[in-house]
Every structure is written in C-alpha cells, then in structure tokens.
Amino acid sequence: MKCMRLMECRGMKVQEKDDRIAFFVTVGRGMRHFAVEEIKKKLGRFQVRVLKEMEGKLAFDLLWDNQTSRIDLHRSLLSMRTVERVGLMLLATCEDAFLASIACCTGVGHERSRKKRRVDAACDPSDADGNKTTRSGSSESERAAVESENQVLADLIRLCNLPDAVSRWNQLKHEVKAQQETVPEISECRISCKTRGRYRGVNARKVAEVLGSVIQREHPREIKMVGWTDDKMQEGVQSNALDILFHVNDEGIFVGLLLTAKPLAARAYHDSQQGQRKREQEDEQDLCHDDDEEQKRPHVQPSSPFPSKFSGLRSTVAAAMCDMAGLAAGDIVLDPACGRGSILLEGLMNHPGADFVGLDSDIRALRTTSDLVSSIGISSAQVRLIRGDFRSMPFRSNTFTKIIVDLPFGCQHKIPSVQVEQGVPERSDAEAMVDELLRESSRVLTGGGLLCCLTVHGALFEQQVKESTRWTLREKHPVQLGLKTGPAILLLSHEPHEPARAGGMDKTQEGERGRGAA
Ligand SMILES: C[S@@+](CC[C@H](N)C(=O)[O-])C[C@H]1O[C@@H](n2cnc3c(N)ncnc32)[C@H](O)[C@@H]1O
C-alpha cells in the first residue's frame, strides 16, 4: 500500500517505507513526556517510532500492514488517556512557498488591502469548468497572483493525499465495524484551522475557507467539503464529517485527519454533569475554580465541549499521574484532596483491580465525586469517599500503597498549619502544608510506597526531601499548566524503615498519636 508523503521541517522526508503509517496526537502544555511514555507502552507492539515533537503535537509512525489486526491498532489508539486528540498525519512542512501562500491569506501586514482582495478572490466559487472567477474590479495582475498562490496551495493539498487518508480512515472504521452491516464510506470533510506564533494575526477562518475551496477543486469527486471552523469553534462542534486539522505556526504547516469527532480527553463522566451542575448553580459558590479564571488555567477540565462544566483536574493530567505512580491491581490508592475526583475516576477507569479512597475537607466535592463514580457504573466497593483533613488523616498507619494528589494552591485554598494553630511559630502556609502532607503520607503509606503529587511548591518538596531520611525524589516533570508559579508533577518514594534515632520518638509513632482508624 502506498504511504502518504510526510515531510519534516527543511523539506526532508522522514517516512520512507510503504508499510509504515504516520499518526499524530495533540497534547496539552507540559504533557509531551507523558504522551511519549504512553505511546511507547500502548503502541509498542506496532513497532512505533516517535518521529517528531512539535508545538502541542507528537508525530509517530508504526507498522500498518503487519500481522496484528487493525482493530487492535484502532483500539490502542483510542485507549490513550494523556492526549487530547489522535489522527492520521498527512504533512508537516516549513517550505517557504507554502508558508508564503498561507501568509497571503492573512489580510494583515503591509499590502493589507491587496492581500485581503486576494483572499476574497480565492474564496469566490469556480465556474462549471473549474476556472477561477474573481470579483468584478479585480485587476488582471491580482487575478494572476491569486492563480499562482492557489497553485501553490493546490500543490500543498495534493501532497497531503487526502483521498488516500480518507480511505485509510474508512478502512480502520470498516474493520472495527466488520461485524455490522454496511458502513457508509465517509467522504465529507470539514477543515479546522489554527494559526499561532507569527501567524497569530492570520484570520484562521479565512485560511480554512481558502483551503476548503482548494480541496474541493482538487478532489471534486472523492471529497465533499461541508464546512470550516477556526480553532475557537473547533472543540464545540459535533459532526459526522471528518475533521482535517490545518495548523500553521513558527515551526511550519501541519496537516492531519482526526480519528474521532470528540476529543479523547472528553470522558464518559463529563457527560453526566447536567444534574450536578444544576445543583452547584443552586449552591452558588464555586468549589475549586472560578469561571473567569478557567480560560487561563489549562490544568482544569474545560467546560467546552462538554454539556456542562467539569472543573476538576484535567482528565489527561489525572491519567498521567496515575500512570506515573504505576498503578496496578492490588494497589490501595489514596487521593487525600480528591475534590471532584478526577484522579479517582481516571484510576478507577484505567486501573481495574486497584482500590481507591478519596479524602476531602469539602462535603460538596465528595458528593460530586460520588455522583460521577456512580454515573460510570463503577461499584461503590471499589472506592470510599471520606470527609477529612489531609493534615491529620483518619487512617491507620501503613494502609496505602500509593498516594496521588493534586494539592490545593492559590487563595481559595489557604491552609493554616495545624502546628501554627497549636502555637508552634512561624512557617508559611505552603511550608506547613508540604510538611504536614509529607508527615501524614509517610505514616499512612506502606514501606516502599509512592507519593505522586501535582504542586506549585516543588522547591519546598525538594528541600524537605533533602532533609528527610524517608523520602526520595524519583521523578520531577514541570508541566507549564498556565499557572505563573510553575507547577510540577513529583514522584517520591517512601523508604520502608525509619533508621533508629537516638533518644526520641520516630515520626511514625508521633504521627500515629490520636488518629482514628479508617
Ligand atoms: C486542587 S483541588 C483538587 C481538585 C481535584 N483533583 C479534582 O479533580 O477536582 C484541592 C482540593 O483540596 C481540598 N482541600 C483543601 N484543604 C484541604 C485539607 N486540609 N484536607 C483535605 N482536603 C483539602 C479542597 O476542598 C479541594 O477539593
């Protein structure tokens, strides 16, 4: 089978063999590391190779025509949890001619009006013979310029080999639905365009319109263009048509064909938010996150495209944390600040066989989590939700094998230290929180247990770990989640035994005083 042509920046071909096919995933900021790990783990048996890391994307190729069934491939692609979207990769190029043609679709910069007219001209419908007609008043030279730019764009579209990509897409679908009767071939496409970097000023919708009309002219029989969107609309729109992604930024031009209309990051539990949202509206005060702030906080699960707002931790980040902690059957896992339960939900869905406990000081958060867990049909035996304080956890020592937590931060979560309350002088709230979380985690974790946390206080953790004989920092991944303070996901391991100390009670005994059992 003939492969699609794939170019790397500087025009170099990276895909040579016909039996390999290129895919891509889109990833959130700071999530590439986790996506690469997941790709290797889930697609390793298809001899996957990561080809290129781009802004917000990862390209990889794998064996297409091998013995393994493509149903399996399709399933594996759709099972990825740390990525936003997945699709067939068609083209990545930074060839000047293409970029210059795209720049001509801007309608910005000097020569603004001329370029704008070209865009308008390029969007004019063709006549029955496929000849371009331009608006009255366009001069001959402008018409010639539009023709030559359209020619370059037509070359670009031909390189993408869209009909081949659409037929592969259909093939994947066919094999998956092999048992069902006839599956209609999908040939309707929608183009969605995103312009970034120095192309940020470019009118993405306009570019999409121009490209849409070029695609329609190039492939009048195989592909029917049914619409275009800019990236602001892209997430919310549902359609049966295939989405062609067209992204332009400082790295060049990227073209891909999405495998699913809905982002992979949209989980089933997001669909069950209607009732819960209503209750929260009645409840007036928002629990974790402020509506206006949501745009600026990509770590939070966005409201769009979901039917109602889900503002727990972003599902992809929660899934990455569960992977990083290496959850396995038999684990007993605690999220000591579980909020609306993203970590618990991702853990429950992706790691059957582990048991989960969620703790939070806010009863409304626990109710929401409870609703969400039942909405995805998970047995209540697999998760326990308890109201309490992570500075003084209501659990016996040596109870949990893993702790995974998205720590409170910011003004909504000012946590005065228990010790400050008890008159022990002066530590900042953050120092106190880190200290108390580590002390309590050390107590409730089994020897050799792991603590995985998302925090903006990485430096405080590192300092505490340096001074501790019980904790070792295993991994640290900064995640640039839109917070100024630079959050990171940390993985700490807990040593099995506290070395004997002369003349004093060890931290474990100290922590155990006055604790209730779970
Ligand atoms: C950043 S949010 C966690 C969000 C959560 N991962 C989700 O998906 O919704 C922090 C949570 O910590 C809880 N919290 C704050 N102080 C706490 C404390 N002392 N003990 C337990 N939970 C606390 C808050 O109620 C909030 O739900």
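Derivation of every value follows stated rules applied to the coordinates shown; laboratory data play no part. Treat the numbers as computed from the prediction; the structure is a model and nothing was measured. Don't worry about glycine lacking a Cβ; one is built from the backbone with ideal geometry, like all the others, and counts go over all protein chains shown.
Among 251-258, 73-80, 331-338, 159-166, how do they line up by average Cβ neighbours within 10 Å per residue, starting with the highest?
Details: 251-258: 23.0, 73-80: 17.4, 331-338: 25.1, 159-166: 20.4.
For the peptides 251-258, 73-80, 331-338, 159-166, the packing ranking is 331-338, 251-258, 159-166, 73-80.
Pairs to check: Lys57/Lys194; Lys57/Lys262; Lys40/Lys173; Lys224/Lys262. Give those whose C-alpha atoms are more than 19 Å from each other in this structure.
Correct reply: Lys40/Lys173; Lys224/Lys262.
In Å and from the alpha-carbon atoms only, list the Rg and Dmax of segment 312-496.
15.4, 48
Positive end of the dipole of segment 312-496, charges at C-beta (+1 Lys, Arg; -1 Asp, Glu), about the Cα centre: which of Pro487, Gly312, Ala337 has its Cα farthest in that direction?
Checked the options; the winner is Gly312.
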